[in-house]
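To start, the structure itself, in structure tokens.
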Amino acid sequence: MHFLCQNCNEAKATVHITDTYPEKRSRHLCEECAAKEGVIFKQSHETTQEILQQFIKHKIAQRPESDEPCPQCGMTVRDFQAKGLVGCPDCYTVFGEFLAPLIERAHEGANRHVGKVPVTADRTIRKQTGLLRLKRELKDAIEKENYEEAARVRDQIKALETA
Amino acid sequence: MTIDDLTHNIGEWLRGVGPMCDVVISSRVRLARNLVGQPFLSSASASEKTEIYRHLTHEISSNELSQHGFLVDLEDTDEIDRQFLVERHLISRQQAAEEGSRGVSIWPDETTAIMINEEDHLRVQALRSGLQLETLWQEVNKLDDSLSQQLEFAFDRQLGYLTACPTNIGTGIRVSVMLHLPGLKLSREIEKVSRATRDMNLAVRGLYGEGTEAVGDLYQVSNQTTLGKSEEQILEEFGGKVIPKVVEYERSARETLAGKHPHQLDDHIWRAYGLLCHARCLSTAEALSLLSHLRMGIQMGRFDKVDIKTLNEVFLLIQPAHLQKVAGRSLNGVARSIARASCLRDRLTA
Ligand SMILES: [Zn+2]
Ligand SMILES: [Zn+2]
């Protein structure tokens, strides 16, 4: 059964509330009327989640040209569209161009961090980019069936991961 | 310490003290962090998740600041206990619902919790009553520094701390406060909150997060932008500007109501008390909305049958998982309404 909003009698009632004052009664309101009364809170500006969802939908309509996975974690643009989450720290490098407009919109136009920097930042960044480079090399070596090279790169990856 | 030990207390965040506590129930600061060289949980396999979980719990329990926390392995925790932790704001609803290796380290006074394997590898949060953002930031910042001695967090010069969702990168900070706004609600001026929060791009939600109704006149305000502003800047805009403005709106709405309609206002408060003391079945939403009126009455000095401490205790005790923990078994909706009404009669008429 569909109720019409008891306030405006126009829109479908989707918010059902029980008042206790001045008397106990149930009321059925549309979203807009409920927001006007403060029963539900409707934000006047876009939430970041809405921005993310719009970005995903819009990008799906466009279809990404390439669906190359991230060499580090295997995530593809398609995976990102399904979950709204990236797969690893390196996805931000691999899919940098793709993500840039989303990041700017979600952060009010900002594209640069100005906050806290961890004491290990330089080492961390070397490790991150080093791992990404090595994983690419590993993939290449395997594709070229150069197993000796692959084994060497694998050892380097292990050494860097445990450093 | 175990989850059961928490049942006998209320967390610091519900003590009803601290700056602006007539309107600001509690504040929270949370940092999102991920390990370098590891996949985010979004693409980690079950065994990778377990490996990350083991590594993190080991480091957390040997860290000088976090070793006092007690660890709850959520994979081994039943649904009522998980819901219980959500009601106490110690884990997120998402983490309660998720599957696989995950957990939380909780400080015995419930001021700090470290969620492990939520959306990010770590979510470090501090929580206190009233508006205390500075203190909270100092606490989480210190803990983050200390954990960074043992754990290496994913970081990029341009994008800052890297998180599973691009909307959290940069500082990875989420600042939020829970506001009690019965005055603005009664005078139908809640839109003022929307206007006050728009410029700083803040999000406003109901008590239980995204898309929920503002049950009990409780609203959660949090920052959405995490990149391009420093932590201090975010805290200052939030706690120094926007929140005090909303608190002013609420206080003046309450004053206007008291000046123009004192009898209706008192009737409102006392009727709520009457229902709470005599009803035999109460839903969570109805109970919270009645308790909201009592809280307003106490804060305005118009009602003294119940003190704020009792009110804050029942606020937690009437929530579904708390009722079931006290009962020692799972209760269906009807049984919960009955137990809730009975709990309120006991506590409020004593
Ligand atoms: Zn309507
Ligand atoms: Zn990746």
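The values are calculated or read from the model by the stated rules, or taken from the named source; none is laboratory data. From a predicted model like this one, the values you see are computed outputs, not experimental measurements. A quick note on method: Cβ atoms are made from the backbone with ideal geometry, for glycine too, and the neighbour counts reach across all protein chains shown. Areas reflect the complete protein model, heavy atoms only, side chains present, ligands, DNA and RNA absent. Shrake-Rupley method; radii C 1.70, N 1.55, O 1.52, S 1.80 Å.
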- Convex hull of Cα atoms in the protein assembly as shown, direction-averaged projection (nm²): 25.6 nm²
- Residue-averaged beta-carbon neighbours from other chains (10 angstrom radius) around B:27-39: 4
- Only loop residues by DSSP count here, and only those with at most 16 other Cβ atoms within 10 Å; note down the trypsin sites (Lys or Arg not before Pro) in segment B:36-92 that meet that. none
- Item | Cα-based Rg / Dmax (Å) for segment B:262-348 | 12.9, 44
- Count, for each residue of B:182-195, the Cβ atoms from other chains sitting within 10 Å of its Cβ, then give me the mean as a whole number. 3
- Note on the structure: For the pair B and A, the solvent-accessible area buried on both sides (1.4 Å probe; DNA, RNA and ligands excluded), in Å² to the nearest hundred, is 5300 Å²
- Note on the structure: Projected onto the charge dipole of chain B (unit charges on the beta-carbon of Lys, Arg, Asp and Glu, signs +1, +1, -1, -1), the Cα from B:W107, B:S45, B:Q158 with the largest positive-side position is that of B:W107
- Message: Could you work out how much longer the chain between B:Q149 and B:V334 gets when fully extended? Use 0.36 nm per residue separation minus the Cα distance between them, nm to one decimal.
- Response: 61.5 nm
- Rounded, prolate or oblate: pick one for segment A:48-106, where a ≥ b ≥ c are the square roots of the eigenvalues of its C-alpha gyration tensor, a/c under 1.5 means rounded, and failing that, prolate if a/b is larger than b/c, else oblate. prolate
- Message: What is the percent carbon and sulfur in the accessible area of the protein assembly as shown, measuring with a 1.4 Å probe over the protein chains and ignoring ligands?
- Response: 47 percent
- Message: Give me the inter-chain shielding for B:275-283: mean count of other chain Cβ atoms within 10 Å, whole number please.
- Response: 1
- Task: Check each of the GluC sites (Glu not before Pro) in segment A:110-160 and keep only those in coil by DSSP with at most 15 other C-beta atoms within 10 angstrom; list them in order.
- Result: A:E145
- Query: Can you tell me the Rg and Dmax of chain B, counting just the alpha carbons, in angstroms?
  - Reply: 20.7, 64
- Sites matching GluC sites (Glu not before Pro) across segment A:48-134 that sit in DSSP coil, with at most 10 neighbouring C-beta atoms within 10 Å: A:E65
- Contact order relative to length of segment B:3-254, as percent, for alpha carbon pairs under 8 angstrom and 6 or more apart: 25 percent
- Task: Could you state the accessible area per residue of the protein assembly as shown in Å², with a 1.4 Å probe and every protein chain left in place?
- Result: 44 Å²
- Task: Any chance you could check the Cα centroid distance between segment A:75-101 and segment B:28-76 for me, in angstrom?
- Result: 23 Å
- Message: Under a Cβ-only charge scheme (Lys and Arg +1, Asp and Glu -1), can you give me the dipole magnitude of chain A about the Cα centre, in debye to the nearest 20?
- Response: 340 debye
- Among B:D22, B:D73, B:D199, whose mean-square fluctuation peaks in a Gaussian network model of chain B (Cα, cutoff 10 Å)? B:D199
